[in-house]
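Quick notes on the structure that follows.
The values are calculated or read from the model by the stated rules, or taken from the named source; none is laboratory data. Please read these numbers as outputs of a predicted model, since none were measured by experiment. Cβ atoms come from the backbone with ideal geometry, glycine included; neighbour counts cover every protein chain shown. To get the accessible areas, we keep the full protein, side chains included, count just its heavy atoms, and leave off ligands, DNA and RNA. Shrake-Rupley method; radii C 1.70, N 1.55, O 1.52, S 1.80 Å.
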Amino acid sequence: EGFHSLRASTQQFQRFTQASVRDYRLILCLCAGSAHQSGLANGLVFSTINVQAPYDLHTRRTMSYQTPVVAGNTVSKADSQYASKPDVDGAKTLIGGKVTPWAGDCLTVTSPIIDAETGARCVIGKMANMGEAEALQALDGAVTAWNRGRGEWPQMSIAGRIQKIQELVVALKEQREAIANALMWEICKNTADAAAEFDRTMKFIEASIETLRESDTKTGAWTTASGVTARTRRAAVGVTLALGPFNYPFNETYACLIPALLCGNTVVMKIPNIGGLAHILTMEIYARVLPPGVVNFVSGSGRATCPPIMKSGLVDTLAFIGGSKAADSLLKDHPKPHRLKVFSQLEGKNLGIILPDADLDVAVAQCVTGSTNYNGQR
């Protein structure tokens, strides 16, 4: 519904695009508020759409369109969906292989879905609001497990690490329903998309294992070239700081985490403040399956916890998915940035370009789908 006024303005938009492409900049600000399609919430929130550039190159006139704002959907105890509302107790930490109760301040985790009784966002859990001291303790857990490459995990054979990660997968699958439900409520993915994110993550882990096996077979064998017989062995790098995004908090974080683990690195994982409950549900699994300190969780403010970790100089690899400004800041915090190995995915933009000869009905429908899918990041 929110695109009615935009649809009505497409003829003007077509005239606008006939001007020199170099002389205009069109910004469509589409904000998906409660883009939840499971029946729990179907409300879409659109912001004002402004053309931030001349509409007519001669008059230099700008245009502004106001689209409807739809109130967020509510849920009450009388609704069947209310029974699935999670209550994840994240007042705990995972450091050095131990899950420890947290007595400090906690971040209250809410859902975009409104509680009909309170008129406020549904409270679905909490997370430990860790600070600099606790973040450095998590780093120390990873550094101790690494032990300059002599720790149990980096010294374990590839086959041994694969076996442990497979045990991890088995245990994670037992939490599939709870993890998918937490994703659905916290970041408002529909039921199918939340489950698909979990399943896609498990498939990614399996594919990563097979890739490592193939690589080890090819590079680990003795080969002779120019009369020289040699064998290549891959070694772990060290301590990894991994930061995942909110829109795919489980899948994308594991895209950083799993390859690092399989290759023998130890990890400090900064879980996202939005979408973090899915990770809270896995703490005990990591503590039970992996050696102490191989994975350590950090929750709370990224600005308060990550800079001290980087400034220590003890991080060997940074795996970051997010904005370029945040990434640049973290890189500058490291005392030896040129030694640091970096895996980053920054500010991926999916532009929708509507050409003058486009079928406007199709274009508008695709813009609606794209702006509300992937949590509004397409």
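Looking at Met269, is it more than 20 Å from Met310 (Cα to Cα) and under 23 Å from the mean Cα position of the chain (by Cα)?
Working: more than 20 Å from Met310 (Cα to Cα): no; under 23 Å from the mean Cα position of the chain (by Cα): yes.
Spelling it out, it is not the case that Met269 is more than 20 Å from Met310 (Cα to Cα) and under 23 Å from the mean Cα position of the chain (by Cα).
Which ranges mark the helices (runs of 4 or more DSSP H) fully within region 105-223 that have 3 or more residues being open to solvent by 50 Å² or more (accessible area, probe 1.4 Å), acidic (Asp, Glu) and more than 30 Å from Arg303 (Cβ to Cβ)? If you could, list the steps in order and put the result at the bottom.
On the way: elements: 132-146, 152-155, 158-173, 176-187, 191-220.
Hits in region 105-223: 191-220.
For a quick check of your reading of the model, give me the residue pairs whose first member lies in region 272-286 and is more than 17 Å from Asp199 (Cα to Cα), whose second is of a type in the set (S, T, N, Q) and outside any helix (DSSP H, G or I), with beta-carbon atoms closer than 8 Å and at least 6 apart or on different chains.
Close Cβ pairs satisfying both conditions: Asn273/Ser299; Asn273/Ser301; Gly276/Ser299; Ile280/Ser299; Ile285/Gln175.
Collect the residues in region 95-104 that are open to solvent by less than 50 Å² (accessible area, probe 1.4 Å) and either more than 30 Å from Gly313 (Cβ to Cβ) or in contact with a His (Cβ under 8 Å, 6 or more places away or on another chain) (or both), keeping them in residue-number order.
None - no residue of region 95-104 is open to solvent by less than 50 Å² (accessible area, probe 1.4 Å) and either more than 30 Å from Gly313 (Cβ to Cβ) or in contact with a His (Cβ under 8 Å, 6 or more places away or on another chain) (or both), so the list stays empty.
How many residues are part of a loop (DSSP other than H, G, I, E, B) and either open to solvent by 80 Å² or more (accessible area, probe 1.4 Å) or not β-branched (Val, Ile, Thr) (or both) if we restrict to region 332-364?
Qualifying residue count, region 332-364: 19.
Condition check: modelled with pLDDT under 95 and not charged (D, E, K, R). Does Asn296 satisfy that?
So Asn296 fails the test.
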